[in-house]
């Protein structure tokens, strides 16, 4: 499941979620962000228990500021509302291994 999350819905969709949520901080103009998109689509199918949230940093400045996003794409894994790990773009196999280490 991939959700478009805004500053207004971040609290409900990420912080108040139980389990693991992968948050992708991205922007429309970012080439590596666009390249990561099909990888995230595949992950949503291969790891169905993973919730994936995408935050457009240009349209939603508060969450990126709160989590000190300095470059995009930045991926942060949250577990029960707490950030537990962060990464940049990785190949799908590496992302799967990273995520499964927290499931």
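Values quoted throughout were computed directly from the atomic coordinates according to the rules given, and no laboratory measurement underlies them. Model, not experiment: these values are computed from the prediction. Please note: Cβ atoms are built from the backbone with ideal geometry, for glycine as well, and neighbour counts cover all protein chains shown.
Values computed for the structure shown
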| quantity | calculated |
| --- | --- |
| Residue 40 vs. criteria surrounded by 15 or more Cβ atoms within 10 Å (Cβ to Cβ), assigned to a helix (DSSP H, G or I) and in contact (Cβ under 8 Å) with a residue 24 or more places away in the chain | yes |
| Of all residues making up segment 1-10, the number that are outside any loop (DSSP other than H, G, I, E, B), under 11 Å from residue 53 (Cα atoms) and either free of Cβ contacts under 8 Å to residues at least 12 places away in the same chain or under 11 Å from the mean Cα position of the chain (by Cα) (or both) | 4 |
| Selection within segment 49-94 - part of a loop (DSSP other than H, G, I, E, B) and surrounded by 15 or more Cβ atoms within 10 Å (Cβ to Cβ) | 50, 57, 60, 67, 69, 72, 73, 89, 90 |
| Long-range neighbours under 7 Å by Cβ, at least six apart or interchain, first residue on the phi > 0 side of the Ramachandran plot and free of Cβ contacts under 8 Å to residues at least 12 places away in the same chain within segment 81-100, second surrounded by 12 or more Cβ atoms within 10 Å (Cβ to Cβ) and in a helix (DSSP H, G or I) | none |
| Residue within segment 11-27 that is touching a strand residue (DSSP E or B) at 6+ places or on another chain (Cβ under 7 Å), in contact (Cβ under 8 Å) with a residue 24 or more places away in the chain and in a helix (DSSP H, G or I) present | yes |
| Output for segment 80-98, where each listed residue is more than 25 Å from residue 58 (Cα to Cα) and within 12 Å of the chain's Cα centre (by Cα) | none |
